Amino acid sequence: MELEFRKLRRQDAYEFVKWGRHEDPRFYQYNFPYTKKEEFDVWYYSKQKLLSKKVYGLFLEDYPLGFITLKNINWFSKRAELGVAVDPNHISEGFGTELIKRFLDYVFSHFPIDTMQLRVAHFNQRAQKSYEKIGFKFVKQIVEPFEEQSFRTMIIERYPEQFDLIGDLLFTTFYVMEIKKEDWNT
């Protein structure tokens, strides 16, 4: 089984229609709602910004197992943030961890980035363990609006201890984690 890490191409995005679906409403934002080529094109171009955003993938025989976005790049402070998504059919198989490791190898050797950050929801313990195993360290805890607002009623009813509904917005706690280039070793 040969895995390939590379920049995501537009035609790769069309494969996301084959991805599984998250059943937990807290992860619905990772379900691709698109079925038309044009919709995937819009998504793809939203992820590719010349100076501030780039997207890469981990592939098995040209099938995208996951993608990772380099975003919020600050060239002056040499910091950036990553966001990661893995096909729900392949969660807990180690592909997310492998994707992040290859991504960090690539970014730290090809970009003038010294610190990589991420945000993880406090309830996503599976992801937290993966990030810690890679070498990410806890920086701070923040409360922010949750990404998935479309299903806020369902989410707050099922998980009232994990969320707050303030006005019409659903809030939750996120952990900010980071890894420094000097601490990264594979």
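Among the residues of the stretch 123-148, the ones that are assigned to a loop (DSSP other than H, G, I, E, B) and closer than 16 Å to GLN29 by Cβ come to 5 in all. Scanning for something touching a Lys or Arg at 6+ places or on another chain (Cβ under 7 Å) and of a type in the set (Asp, Glu), does the stretch 107-123 turn up at least one residue? Yes, some residue in the stretch 107-123 is touching a Lys or Arg at 6+ places or on another chain (Cβ under 7 Å) and of a type in the set (Asp, Glu). Of all residues in the stretch 163-186, those that are under 14 Å from ARG26 (Cα atoms) have Cβ atoms under 6 Å from Cβ atoms of residues that are among the hydroxyl-bearing types (Ser, Thr, Tyr), 6 or more apart or on another chain, in PHE163/THR172.
One residue is enough: does the stretch 66-74 have a residue meeting the conditions among the hydroxyl-bearing types (Ser, Thr, Tyr) and closer than 18 Å to PHE16 by Cβ? Checked the stretch 66-74: at least one residue is among the hydroxyl-bearing types (Ser, Thr, Tyr) and closer than 18 Å to PHE16 by Cβ.
Scanning the stretch 147-156 for any residue that is at pLDDT 95 or above, surrounded by 12 or more Cβ atoms within 10 Å (Cβ to Cβ) and closer than 27 Å to GLY94 by Cβ turns up nothing.
For (1) surrounded by fewer than 17 Cβ atoms within 10 Å (Cβ to Cβ); (2) over 17 Å from ILE134 (Cβ atoms); (3) among the basic types (Lys, Arg), each residue gets a yes or a no:
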| residue | (1), (2), (3) |
| --- | --- |
| LEU3 | yes, no, no |
| ALA13 | no, yes, no |
| LYS36 | yes, yes, yes |
| LEU70 | no, no, no |
| THR97 | no, no, no |
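Considering the stretch 129-154, the residues that are β-branched (Val, Ile, Thr) and out of contact with any strand residue (DSSP E or B) (no Cβ under 6 Å at 6 or more places or on another chain) include one that is nearest to LYS78 (Cα to Cα), namely ILE134.
The values are calculated or read from the model by the stated rules, or taken from the named source; none is laboratory data. Treat the numbers as computed from the prediction; the structure is a model and nothing was measured. We place every Cβ from the backbone using ideal geometry, glycine too, and count neighbours over all the protein chains shown.
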